[in-house]
1. Of the conditions (1) part of a strand (DSSP E or B); (2) touching a residue at least 24 places away in the same chain (Cβ under 8 Å), Thr70 clears all except one; give me its number.
2. Tell me which of these Gly104 doesn't satisfy, since it passes every other one: (1) loosely packed, with under 14 Cβ neighbours inside 10 Å; (2) within 17 Å of the chain's Cα centre (by Cα).
3. Counting only residues that are polar (S, T, N, Q) and over 19 Å from the mean Cα position of the chain (by Cα), how many does segment 119-147 have?
4. Failed condition for Asp147, given (1) surrounded by fewer than 18 Cβ atoms within 10 Å (Cβ to Cβ); (2) in contact with a strand residue (DSSP E or B) (Cβ under 9 Å, 6 or more places away or on another chain), with all others met?
5. Here's a check for you: in segment 1-29, which residue that is hydrophobic (A, V, I, L, M, F, W, C) and open to solvent by less than 50 Å² (accessible area, probe 1.4 Å) is nearest to the chain's Cα centre (by Cα)?
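The values are calculated or read from the model by the stated rules, or taken from the named source; none is laboratory data. Keep in mind that this is a model prediction, so the values were computed, not measured. Cβ coordinates were reconstructed from backbone atoms using ideal geometry, including for glycine residues, and neighbour counts include every protein chain displayed. For the accessible areas, the whole protein counts, side chains as well, though only heavy atoms, and no ligand, DNA or RNA atoms are used. Shrake-Rupley method; radii C 1.70, N 1.55, O 1.52, S 1.80 Å.
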Amino acid sequence: FVAPVSPEAFPLSMYDQNFTLIGSAIAKTVGFSRSFEVSKDGNTIYWAGYTTGSVYIYKRADEFSSFARTDSMMTGVHAESFTWHPKTGNLWISGGSSNDKPTGKYSTGSWYAWDFTQKKVVDSLRWAFASSTTPDERPRGLAFSLDGNTAYAAQFATSTMMLQKFV
């Protein structure tokens, strides 16, 4: 699955393991987006344009069916990154940056673990900003160790602190 940053410029496209285009999963994307995730079975797309303020859920019945937007979650986030936790299966979603501030219960520079069974946020991580008065960092990436006990967060900005580790 591949998509553009710019909204409505290109579709969210699907490719096979040989990089042959299969077709469009979503004809026109919504909002500027830097990241999205797809379920293991390939039948659910979690799309959050950082300008949309929500995570949109697109589903299809099986690999031969079309995707349709069925729901949304985490209203208030302006996500720039997503990742799956390798052990819990929770989807970690960034809240937003100082350029695209989250609203409601979400905070700038934080990632939130969404538990699909409980349908709620069950954990979070927060970037340690170099300056609390002028936070320049834009947390933009999160990855977990294979055992899930360590998280590595990366940011985009002029600060020298580019990576943080959470155990």
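1. Every condition holds for Thr70 apart from (2).
2. Only one criterion in (1) loosely packed, with under 14 Cβ neighbours inside 10 Å; (2) within 17 Å of the chain's Cα centre (by Cα) is unmet by Gly104, namely (2).
3. Looking only at segment 119-147, we keep the residues that are polar (S, T, N, Q), and these are 124, 131-134, 145.
Okay, now just the ones that are also over 19 Å from the mean Cα position of the chain (by Cα), so 131-134.
Final tally of qualifying residues: 4.
4. All conditions pass for Asp147, except number (2).
5. Here is the first cut: in segment 1-29, the residues hydrophobic (A, V, I, L, M, F, W, C) are 1-3, 5, 9-10, 12, 14, 19, 21-22, 25-27.
Narrowing further to those that are open to solvent by less than 50 Å² (accessible area, probe 1.4 Å): 3, 12, 14, 25-26.
Working: Ala3: 13, Leu12: 15, Met14: 18, Ala25: 17, Ile26: 17 Å.
Only one residue tops the list, namely Ala3.
Per-residue answers, yes or no, for (1) out of contact with any strand residue (DSSP E or B) (no Cβ under 6 Å at 6 or more places or on another chain); (2) of a type in the set (Asp, Glu); (3) in contact (Cβ under 8 Å) with a residue 40 or more places away in the chain:
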position	(1), (2), (3)
Ser98	yes, no, yes
Lys101	yes, no, no
Ser107	yes, no, no
Tyr112	no, no, no
Lys120	yes, no, no
Phe129	yes, no, no
Pro135	yes, no, no
Ala153	no, no, yes
